[in-house]
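The values are calculated or read from the model by the stated rules, or taken from the named source; none is laboratory data. Since the structure is predicted, the reported quantities are computational estimates derived from the model, not experimental observations. Cβ placement follows ideal geometry from the backbone for every residue including glycine, while neighbour counts extend to all protein chains displayed. Remember, those area values only see protein heavy atoms, side chains included, never the ligands or the DNA or RNA. Shrake-Rupley method; radii C 1.70, N 1.55, O 1.52, S 1.80 Å.
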Amino acid sequence: MDDRRSGEGRRPRTVNRRHFLFGATALAGGTLAAACGTNIGSGSSGGSSGAPKGKAVLTQYYHEYGEAGTEQAVHRYAQEYMKKNPHVQINIEWIPGDYTTKLNTALVGSNPPDIFEGGPSLQMVQQKQIAPLDDLYTSADRADFFSNVMEQNTINGHIYGAKIVTDVGVLYYRKSMLEHAGVKPPENSDDLVKAAKALTSGHVKGLFVGNDGGIGALYQLLPQSNKVQFINGSKIAFATQAAAEALQVLVEVNHENVVLLGYTEDYLQPDAFTNGATAMQWTGLWAMREVQQGVGDDFDVLPWPRYGSDGVPATFLGGWSEMISPKSKYLDEAKDYVKWLWIQNKAAQEQFNLAYGFHLPPRKSIAANAKELRSGPAKKAVGYLGKDAYPISNSWDADIDTDYSDAVASIVHSNMDVAQSLSQLQQARQKAQSELKQELT
């Protein structure tokens, strides 16, 4: 997820916000430092050049999943496939640290990895960095994957990715704290603000949405909860009255001093919630086991509440997808391996999502049958994935994201009203529209 954990139930403390919200989409153009990995077998760290005679050698990139057991699992999957297909050799590169830059550098070179993680973008399609994978899916496969997951991996009518893990966000709340304060679980934005105020007392804040006041966590979710689209065809669509109004929720909770700030761990970790520093916290499904260990059954979850009476509940659609380079010398073998592992092999898919960390399998049948997802808050999260997780347009890139997120930061930091917020969004739209036009031409 897009995984951010390190060790048993923990995540690294540095996270790229785009990867968190969009599931590592639009990787091209990253600017971080390169890293190295480890291999199975021999072979180069690039693509499939230098193959031993009679072997189809595939290089597969993985970012560093911090959850114990994941690295061993991907090596085991590769070994299992190679036993069935001895003419194929799979070299796994497990890349700690700055996965993005190493992948970006490799993709623009002459010898990219055959198989790699990320999320497809229009820019990657235009630059011929990813191959269409339509032929990997039967009609039954397509129907079994969550529809928004398939939408996330589809560009111009073609499928470019096979989803590996899926992450969604949930609003955790302490049932006992809400009951003590006479507060009901919030159903809309007004309820949420009132609850945050009522639950703020002494050293306890009503809400924790990140040490930046919720900008990184909610800059897209809030407009989505008021039915805002960010890109509509060839038009930037985030500069609307509805978006400006929804962002007022973030302005208000910061201005009223009911959000927790400056905590030792940020919102991707559940520490503030389990330690009693906040009554409600927005974080990911991945934290649920830690929450259960910390507070027992004294919690429940919600999607982000709808804005007002006409909005919709919302959560992000995160995770990682497997993609294939069209430059691979062994394109058929790469496709066969991805199909075997991430489309046909349901046992491996369930294991990779639930045996090490806590993620949602992208196939409906697996999510429905997995024991840990059949009841309680986890079952609710599966429902949120199915109906409340909204993919971001594959045309959304890092430059557009910066234009928009900078505008949201200015709105919150300057305590802007609706009219001022709308003006700020309109200024950001002008820059973003120019960048989108350039991308689409």
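Okay, here's what the table says:
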item: For Ser234, solvent-accessible area (1.4 Å; no DNA, RNA or ligand), Å²; result: 60
item: With Cα atoms, 0 to 90° folded angle of helix 241-255 axis to the chain main axis; result: 70
item: Between 0 and 90°, nearest 10: helix 418-440 axis offset from the chain longest Cα axis; result: 10
item: Heavy atoms of Arg289: accessible area, 1.4 Å probe, square angstrom to 10; result: 60
item: Dipole magnitude of the range 165-316 about its Cα centre (Cβ charges: Lys, Arg +1; Asp, Glu -1), debye to nearest 20; result: 240
item: Whole-Å distance, taken between Cα centres, linking the range 63-90 and the range 165-200; result: 41
item: Area accessible to solvent at Val209, 1.4 Å probe radius, in Å²; result: 0
item: Selected from Asp167, Asp191, Asp298 as most flexible by GNM, with the chain as the system and alpha-carbon contacts under 10 Å; result: Asp298
item: Kirkwood hydrodynamic radius of the chain, Cα pairs, Å; result: 22.3
item: With Cα atoms, 0 to 90° folded angle of helix 376-388 axis to the chain main axis; result: 80
item: Alpha-carbon centroid distance for the pair the range 273-305 / the range 423-441, whole angstrom; result: 37
item: Dipole moment magnitude, nearest 20 debye, the range 231-390 about Cα centre, only Lys, Arg, Asp, Glu C-beta charged; result: 900
item: Positive-end extreme of charge dipole, the chain - chosen from Gln424, Ser393, Ile411 (charges on Cβ); result: Ser393
item: Residues with amide H under 5 Å from that of Ile90, placed H, sequence gap 5 or more; result: Leu58
item: When each of Lys84/Lys371; Lys84/Lys329; Lys235/Lys380; Lys55/Lys346; Lys53/Lys346; Lys163/Lys327 is checked by Cα-Cα distance, pairs over 23 Å; result: Lys84/Lys371; Lys235/Lys380; Lys55/Lys346; Lys53/Lys346
item: Shape of the range 90-194, Cα gyration tensor, a/c cut at 1.5; result: prolate
item: Helix-only CD estimate at 222 nm, as mean residue ellipticity for the chain, using -39500 (n - 2.57) per DSSP H run (n ≥ 4); result: -11500 deg cm²/dmol
item: Solvent exposure ordering (accessible area, 1.4 Å, most first) of Glu252, Glu93; result: Glu252, Glu93
